[in-house]
């Protein structure tokens, strides 16, 4: 992936030299031209086309923003509810992530989402212990996190 980015930037700079114009807009056009060229010649370039991973990163960011907004609305409902009948609790989330970076990213995304807090990670890195403000069904919470954040992190990093 880094090789493709450097190659794309090199193509964009060469595009600027060929056009004899050194503005940012010409660089962007050259960068897009280079990305298109790399896409068509991807079987000759090592690794997967890097823009696929960029799209997955953007999808992860939008997923986090969506979850952030939904959890903020849920917390707002709890704040304005006259009677607090929530069921807070701690549960263990089994994780399939391997690297420290992936586990840290998942723990931070869980913590940054209101209503949940990553408390600890097990010594063998196979569980994250999470405190949630309201747990109706533990299995549903586990599946929700695994189907959203963990799946998106795997798509970005693998």
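Quick check: is even one residue across region 80-87 modelled with pLDDT of 90 or more and surrounded by 11 or more Cβ atoms within 10 Å (Cβ to Cβ)? No, region 80-87 contains no residue that is modelled with pLDDT of 90 or more and surrounded by 11 or more Cβ atoms within 10 Å (Cβ to Cβ). The residue that is nearest to residue 66 (Cα to Cα), counting only those in region 93-128 that are in a loop (DSSP other than H, G, I, E, B) and under 18 Å from the mean Cα position of the chain (by Cα), is 113. Criterion applied to 97, 36, 32 was being out of contact with any strand residue (DSSP E or B) (no Cβ under 6 Å at 6 or more places or on another chain) and under 30 Å from residue 135 (Cα atoms), and the one residue passing it is 97.
Being out of contact with any helix residue (DSSP H, G or I) (no Cβ under 9 Å at 6 or more places or on another chain) and buried (at least 16 other Cβ atoms within 10 Å of the Cβ) holds for only one residue in 107, 132, 152, and it is 107. Filter region 1-10 down to the residues that are part of a helix (DSSP H, G or I) and closer than 20 Å to residue 156 by Cβ, then identify the one that is modelled with the highest pLDDT. Filtering region 1-10 for residues that are part of a helix (DSSP H, G or I) and closer than 20 Å to residue 156 by Cβ, the one modelled with the highest pLDDT comes out as 8.
Restricting attention to region 11-57, the residues being in a helix (DSSP H, G or I) and touching a residue at least 24 places away in the same chain (Cβ under 8 Å) number 9.
The set of residues in region 129-143 being part of a loop (DSSP other than H, G, I, E, B) and in contact with a strand residue (DSSP E or B) (Cβ under 9 Å, 6 or more places away or on another chain) consists of 133, 134, 135.
Restricting attention to region 62-79 and to residues that are exposed (fewer than 12 other Cβ atoms within 10 Å of the Cβ) and under 15 Å from the mean Cα position of the chain (by Cα), the residue that is farthest from residue 117 (Cα to Cα) turns out to be 62.
The values are calculated or read from the model by the stated rules, or taken from the named source; none is laboratory data. Just so it is clear, the model here is predicted, and its values are computed rather than measured. Glycine also receives a Cβ, built like all others from the backbone with ideal geometry; neighbour counts cover every protein chain displayed.
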